Amino acid sequence: NFGSSSRRSQFCAPRSATNSPDMFSEAMWRMQSMLRKNSMLLPGVLLLISSILVLHEHMTSDRLDLRTFLTLVLATMVPLAYIDSVISSRSDPTGLLVNFGGRVLLLHVCFLLLRFRLFWYPGVFYLNLQNVIGFFCGSAALLIGFLSLLTMKDVQYVAVIVAFAIVAAISTELVTWGLHLARNYRRELTLEILGTSSEYVEILAFVPAVWTVFITGRKDAAPMQVRPEQAKAAALAFFTFLMGFYFLEDVITAVFTIREDTVAAFAHVLHFLLLGDVSTFLVMHVFNPDKANMTVLQRMSDAFLGDCNV
């Protein structure tokens, strides 16, 4: 709800041929219709922009840290884009969330725990504070929303992903160490392995969601049996943690860095928009299934114009 009925009423004035709000209303509904027909439009545009940023920096910049960061952002956006484009076509999005939500949150807790290695580095107080807050909030979200839903199979599933990420990180850092051995490689190898592991787990954090959505592609797939109160608690915990944590991770960071690192700040915003669309769809589907097939623009238009007779 974006405001009181009195504030919404200004968008619901009687229709007239020269009424500019009416023209805006019709334009918004035409946009809604177009987006509804092509669910890949929004995630596709965001992915395209992110890809252009990565290619541009690889071709024009010698900043390895920025190129690595943009590649990481793009890698984390790919699974989100897939989920965003297809989940509204599934027969039971609520059941899917209940199925993969705990695994996704548990992977977030794992990569945030691995980020604690930053305590060994001076001058990163904000990052350490952000990671500590995220770790405890993620743990709380698991306890509040998914404690009764998580099974040993879920824990084993996450453990396999984390183990794979750590093995890949060890291999990456050992190869890097070997290539730089002749140039006096001075980085702390253990800390670098932990850092790379956290990045790999972060990239894989939404793989459980992708796999769950992929294997339930049939429209006639049997819905998962879950009590409404369980589904609502899980959806709220999932939505609140992801939006809260990535607001700190993406939006606040973008605000602080936009002047000195505009490209990185823009990448943060793109990531947050895509994540926000997925998270908002899922929580809306639990609490209001009738308005489930909506993207960000559709939801905004419906919130302001929902009471109008367009």
Q) Label R227 and T280 with points 7 Å out from Cα along Cα→Cβ: what is the distance between them in nm? A) 3.1 nm
**Q.** Two-site FRET efficiency, K153 against T257, from Cβ-Cβ distance with R₀ of 30 Å, rounded to 0.05
**A.** 0.15
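Any read-out appearing in this document is the output of simple, stated calculations on the displayed coordinates, not a laboratory observation. Values in this document were obtained by computation on a predicted structure and should not be read as measured data. With ideal geometry, Cβ positions are generated from the backbone for all residues, glycine too; neighbour counts draw on all protein chains shown.
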